Amino acid sequence: MLTAPDLVVPDLDALIGPDAWLPGLATALAAGLLLWPIGSRLRLLPTSRAAAIALFAVATLLIDTYSELGADGRAAFLLGAGAWLAVHGRWRAVLAVLAAVGAAVVSPLVGVGVLVLIGGLALQAGLLRRWSVGVRRAVAVVALLGAVAIALSQVRRLGAPALPPLLLAVLTVWTLLVVGLLWRRQPWLRPVGAAVTAVLACAWLPGTASASAVVVAASAALLTVVLVEEYRTLLARQLLAAAVAAGAVALALVGPGVGGGRVAHVADTADDRTGAPAIPAGPPGPAFATVRPVTISIPAIGVDGPLEDLEADPVTRELAAPDDPSVAGWYAAGVVPGDTGPAVIGGHVDSRSGPGVFFGLRRLVAGDVVRIRRSDGSTVRFTVTGVRRYPKDRFPTDAVYGPAPAPELRLVTCGGVFDRAERNYQDNVVVDAVLSKR
Amino acid sequence: MGSHHSPFRPSRHRRTAVAAAVLTATLTALLVMPAALSSAPQAAAAAGTYLRLAQLIDVMPDTELIVSSVADPRSSVTIAGVGYGSVSAYRRIEPGDYVVALRPKGSGKPPLVSTTLNAMVGKSYTLGAVGDKKSSGLKIFTDDLTLPAAGRAKVRVIDAAPPAPVLDVRGPGGTPFALGLACGAASAYREVPAGSVVLAAGAPGAPATDLPVTVAANQVVSVVLISRGTAISSRVQVDAQGPTAVPPGPVDAGYGGTVGERPGAAAGAAALAVLAAAATGLAVRLGRKAGGKRQGPC
């Protein structure tokens with residue numbers, strides 16, 4: 001059963017998440033197939049429609065490969081259905097609007113694109129044609145403000161962008177190139193281009209789902225073939241050159257020493273910007289602690305629960321994880337959180353059946369707060385400075401257990417690829433935090 | 001919508017197909033690239049960056065240390081002065097460039113001495129106020145935050161005992177610990193077994209004073225040598241500490257239950273790959289057919 005504290009938080013995903021819905025990739029597949037009738041509506045050649053599907057399918061595979069939670073095609077499928085329905089007839093238009101609303105519910109960031117599209121169409125008289133300019137402008141302003149509000153509300157909800165910067169950069173280059181080239185000569189496509197660009201920008205924000213990237217991939221694939229059809233020889237060549245350039249940039253980025261991984265170390269951000277925060281000096285940790293931590297709370301990922309004691313395995317001497325995957329534990333032979341030195345807290349990323357207490361740990365970002373209540377009644381507050389992932393065979397014992405001059409906190413769980421044969425994850429995710437308030 | 005339709009040209013389909021094939025190939029190349037993205041970052045011992053003041057002369061008036069960020073001069077930290085031979089508590093600062101200045105306490109007077117500090121992520125620094133009656137200086141000591149071997153601690157000696165220009169410090173059995181240590185200087189860190197260690201310090205050739213030091217495993221300690229007249233004594237300051245027992249290796253904290261959270265992911269990916277291949281094939285075939293059909297005199 002799913003007993004992890006972060007699932008107790010009311011969440012749309014819990015209602016219509018992957019468990020209750022078809023898997024995200026199946027809907028992505030359906031969205032790809034929908035590109036054919038949409039291409040037909042746009043009177044694209046069969047060649048181009050097939051090309052668009054091929055592009056989309058490959059882009060979605062890429063997204064699925066590099067996204068930790070996988071590609072989610074639900075929003076793209078709903079938007080595709082909406083686009084297909086949108087032309088001809090009032091009832092179909094109503095269904096199209098419902099499909100767009102559904103897409104926005106599945107992935108709120110897609111709602112940003114829909115609102116930008118509505119705003120753009122209103123400004124361009126593609127919508128509300130019989131109304132006055134003033135009304136259309138007012139509608140556009142409301143829609144665009146709504147888009148900004150949704151985008152802001154989604155920032156940092158989940159912690160980190162769904163995709164690694166490299167893939168986002170490739171998607172961005174591809175999309176901006178196509179939209180930019182279509183912008184001048186194809187005014188009717190401008191609201192679409194603006195909407196796709198808005199969703200693309202949102203995909204860079206921390207806390208985005210991969211659904212928005214799949215939507216951008218579908219739109220960009222379709223716009224690419226529109227571009228190639230409209231501009232034929234000259235631009236087709238430019239497109240080829242750009243694709244090659246994008247590939248070269250991507251290869252350069254993947255080169256050694258660049259990037260630093262999906263979970264990069266983030267520089268410390270002060271919670272108190274007026275000056276360097278003071279460290280309440282921690283008392284030196286006694287060899288045998290009489291005080292112990294009682295509860296842990298990480299609001300950013302919905303963790304709030306008790307702490308059990310962890311000890312080293314008598315045989316392997318490695319730190320044993322808690323027995324209960326839904327409960328985090330404290331390395332009791334180590335440092336008490338709030339005392340000088342690194343206190344270590346471990347928790348499972350998942351059980352055999354679902355998320356564990358530290359499932360969301362990898363989504364923490366610098367500045368997130370961790371509160372520990374201690375048995376002496378005090379509560380200590382730590383601020384996350386970085387989230388890092390290490391292969392287990394290169395576990396940074398030095399960085400996790402090494403001496404620290406002040407109270408610090410390390411949160412440890414599993415991550416990376418799950419080795420099914422070994423029933424074991426290949427990496428450890430380590431969150432570093434510093435004391436910010438006693 | 002799509003009202004901008006141009007008449008066919010012979011090469012139209014073919015170019016579309018070529019463009020699509022190249023883009024597809026580029027993206028596929030990205031797909032099969034090794035996941036070199038998960039390279040482990042460099043390990044830094046501490047998560048924060050820390051700074052403290054050590055008072056290493058006894059002739060200075062009451063002073064305080066002003067730490068000003070170069071990037072944001074308005075944000076500055078004041079560390080109150082401490083007694084001779086003592087160190088302040090650590091203050092956490094953002095990594096970056098700083099100007100640190102020592103000035104008489106509570107005064108707007110110009111600083112007695114100042115220096116610059118490039119504070120790195122995960123490092124900790126002790127700023128020593130050194131010198132004599134005539135001139136004072138600030139010395140930057142970088143504290144060692146690396147893990148000692150199991151059951152051991154790291155110890156360094158800071159010489160703040162002025163009468164002798166240099167001191168010899170020896171460990172148990174007369175083993176050299178730091179020979180010819182100048183006043184105002186710090187020795188390198190040396191690892192010692194946890195427990196009590198007796199260091200002996202004295203001017204070269206002169207009788208040495210025994211200085212007992214007690215350290216715990218995984219502790220980093222500075223022994224500050226101070227003098228009252230010609231007598232040498234010491235103050236033991238903890239630079240950093242960690243768990244006395246360090247479990248080696250990683251933590252196994254997952255059973256893979258969320259890996260199955262994407263049921264059918266493999267089948268879906270395979271289906272998408274088939275779709276991509278089929279669509280590319282179709283595009284190329286349609287392009288070739290249309291291109292071929294239209295080639296010729298027209």
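Rule-based calculations on the coordinates, nothing more; no lab input. Remember, it's a predicted structure, so these values are computed and weren't measured experimentally. Cβ: placed from backbone, ideal geometry, glycine included. Neighbour counts: every protein chain shown.
Some points to look at:
- Over region B:105-221, the Kirkwood radius and the radius of gyration, each from Cα atoms, give a ratio Rg/Rh of 1.02.
- From phi via Karplus (6.51, -1.76, 1.60), per-residue ³J(HN,Hα) for region B:108-124 in Hz, x at Gly/Pro: x, 5, x, x, 5, 7, 9, 8, 10, 9, 9, 7, 9, 4, x, 10, 9
- For region B:200-245, the fraction of alpha-carbon pairs in successive 5 Å shells from zero, as %: 5, 19, 24, 19, 13, 10, 6, 3, 0
- Legend: ranking of residues A:D368, B:D62, A:D427 from fewest to most surrounding C-beta atoms inside 10 Å; resulting order B:D62, A:D368, A:D427.
- Charge dipole (debye, nearest 20) of region B:144-289; +1 at Cβ of Lys and Arg, -1 at Cβ of Asp and Glu: 800 debye
- Centroid-to-centroid separation of region A:33-105 and region A:173-227 [C-alpha atoms, Å]: 13 Å
- Pairs beyond 26 Å (Cα-Cα), from B:K105/B:K133; B:K105/B:K154; B:K123/B:K154; A:K437/B:K154; B:K105/B:K134; A:K437/B:K123: B:K105/B:K154; A:K437/B:K154
- Estimated FRET transfer efficiency (B:V113, A:D419; beta-carbon r; R0 41 Å; 0.05): 0.10
- Euclidean distance between Cα centres, region A:377-438 to region A:116-145, Å: 50 Å
- Restriction of the trypsin sites (Lys or Arg not before Pro) in region B:116-225 to DSSP coil positions whose beta-carbon has at most 13 other beta-carbons within 10 angstrom yields B:K133, B:K134.
- Here, P(r) means the percent of Cα pairs in each 10 Å bin from 0 to the largest distance; for region A:159-203 it is 27, 48, 19, 5.
- Efficiency of FRET from Cβ geometry, B:T146 and B:A231, R₀ 41 Å, rounded to 0.05: 0.75
- When restricted to Cα atoms, region A:286-385 yields an Rg and a Dmax of 13.4, 39 Å, respectively.
- Fewest-first ordering of B:S124, B:S196 by other beta carbons within 10 Å of each residue's beta carbon gives B:S196, B:S124.
- Proportion of all alpha-carbon pairs of region A:328-369 beyond 16 Å (%): 52 percent
- Region A:327-344 residues near the modelled A:D398 label - backbone nitrogen below 20 Å, point 7 Å along Cα→Cβ: A:341-344
- Cβ-Cβ FRET estimate between A:W36 and A:R352, R0 fixed at 45 Å, reported to 0.05: 0.65
- Diffusion coefficient, µm² s⁻¹, Stokes-Einstein with Kirkwood Rh over alpha-carbon pairs of region A:23-113 at 20 °C and 1.002 mPa s: 158 µm²/s
- For region A:355-438, the Kirkwood radius over C-alpha pairs fed into Stokes-Einstein at 4 °C and 1.567 mPa s yields D = 93 µm² per second.
- Quick note on region A:101-218: its Rg to Rh ratio, both from C-alpha atoms and Rh being the Kirkwood radius, is 1.00.
- The Cα atoms of region A:60-154 give a gyration tensor whose axes a ≥ b ≥ c have a/c of 1.5 or more with a/b no greater than b/c, which makes the shape oblate.
- Hull-based mean projected area of region A:90-130, where the convex hull spans the alpha carbons, in square nanometres: 2.9 nm²
- Projected label points at B:D58 and B:T78, each 7 Å from Cα along the beta carbon direction, are separated by 2.8 nanometres.
- Spatially, region B:62-126 and region A:312-331 are offset by 41 Å when compared through their Cα centroids.
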